Amino acid sequence: MGMSAAAQFHVLAVDDSLIDRMLIERLLKTSSFHVTTVDSAIKALQYLGMVEDKLKSYETPEIHQDAEVNVNLIITDYCMPEMTGHDLLRKIKESNSLKDIPVVIMSSENVPSRINRCLEDGAEEFFLKPVQQSDVNKLKPHLLKSRSKEEEETQPSNNNKRKTRIKCTI
Amino acid sequence: MDVVTQMQRQLIQYTSSLFQEFNQLQQLQDESNPEFVVEVVTLFFEDAERLLNELSKSLQVEQESIDFRKVDAQVHQLKGSSSSIGAQRVQRVCIAFRNFCEQQNVEGCLKSLQEIKQEYSLVKTKLETLFKMEKQLFAARGSISR
């Protein structure tokens, strides 16, 4: 089984607003993405396999064989209770297994310092809400870039050591 | 066929008059998913009405015990969802409302709440009319054998 060029990209969308989750899911599906939505940053980390240890820091996931979860891009709202999209971004970039997943931040508020901080901390893009189809169309290049980088790094032995395979614990 | 054409024309005219509200939703309108816009907007109505009720309650208490942070959080939610579906006038009043919260200006908050209720009522009527017209058009199309 070779690497299918037509394999769907899997996007994880994080937003505490149900309406916004529905809207972003619709826009992403229109672009032929496979979509999973969660309503909080903590649930997103859990979905990505990160578990909270006793010290309340998030550890990298255990690797299981069944129910693999492969997320190609994370798109998250900025303003969320408990953990913001920016915190989520930082946790992802601090994780060895997840840091190469592109992260996009969305916000209804146009605060330049906020936008700059997110971009500096590793976000690929920052979308102002309401997110448009034209914004979502900007995502494919980031995904194609990540995928071709992955393909370069992965050896033909197909052990896929670099690929993130994570058990879905939810 | 004539009736259908007429209804189509009326629908187009009405839709253009709703340019502000409908423009945002239009990009989501999809033949493969005709129910989607109705679903999202219905959700918005439920959500908005819930928030408006909660806001009324939050502001009905004694002035000294008004929790402005809670009120602000609720308005922020309403601002977000109204912006997402394109209800720009509701969104604009929400922005003013949040300024009053910041200033802890009770009168301003109460006034904003009244305004939001009015704007919301307007947008709800318009969207409900739109959906009704669409439904009637689909029904008319369906009942005409081709």
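The values are calculated or read from the model by the stated rules, or taken from the named source; none is laboratory data. Remember, it's a predicted structure, so these values are computed and weren't measured experimentally. Because the Cβ atoms are built from the backbone with ideal geometry, glycine has one as well, and the counts that use them run over all protein chains shown. In case anyone asks, the SASA skips ligands and DNA or RNA and just uses the protein heavy atoms, side chains included. Shrake-Rupley method; radii C 1.70, N 1.55, O 1.52, S 1.80 Å.
What pairs come up if the first residue lies in region A:15-33 and is more than 9 Å from every other protein chain (Cβ to nearest Cβ), the second is open to solvent by 30 Å² or more (accessible area, probe 1.4 Å) and not in a loop (DSSP other than H, G, I, E, B), and their beta carbons are under 6 Å apart, counting only those six or more places apart or on different chains?
A:Asp15/A:Arg21; A:Arg21/A:Thr37; A:Glu25/A:Thr37
From the list B:Gln88, B:Gln26, B:Gln63, which residue is in contact with a helix residue (DSSP H, G or I) (Cβ under 7 Å, 6 or more places away or on another chain), within 12 Å of another protein chain (Cβ to nearest Cβ) and surrounded by fewer than 21 Cβ atoms within 10 Å (Cβ to Cβ)?
Details: B:Gln26 fails: in contact with a helix residue (DSSP H, G or I) (Cβ under 7 Å, 6 or more places away or on another chain); B:Gln63 fails: within 12 Å of another protein chain (Cβ to nearest Cβ).
Residue meeting the stated conditions: B:Gln88.
Only one residue in B:Ala73, B:Ala96 is within 14 Å of chain A (Cβ to nearest Cβ) and either crowded, with 20+ Cβ neighbours inside 10 Å or assigned to a helix (DSSP H, G or I) (or both). Which one? Full working, then the answer.
Numbers: B:Ala96 fails: within 14 Å of chain A (Cβ to nearest Cβ).
Only one candidate qualifies: B:Ala73.
What number of residues within region B:34-53 are more than 11 Å from chain A (Cβ to nearest Cβ) and either open to solvent by 60 Å² or more (accessible area, probe 1.4 Å) or in a loop (DSSP other than H, G, I, E, B) (or both)? Even if it seems obvious, please write down each step before you answer.
As a first pass, look at region B:34-53 and keep what is more than 11 Å from chain A (Cβ to nearest Cβ): B:34-35, B:38, B:49-53.
Now restrict to residues that are either open to solvent by 60 Å² or more (accessible area, probe 1.4 Å) or in a loop (DSSP other than H, G, I, E, B) (or both): B:34-35, B:49-50, B:53.
Going through region B:34-53 one residue at a time, the tally reaches 5.
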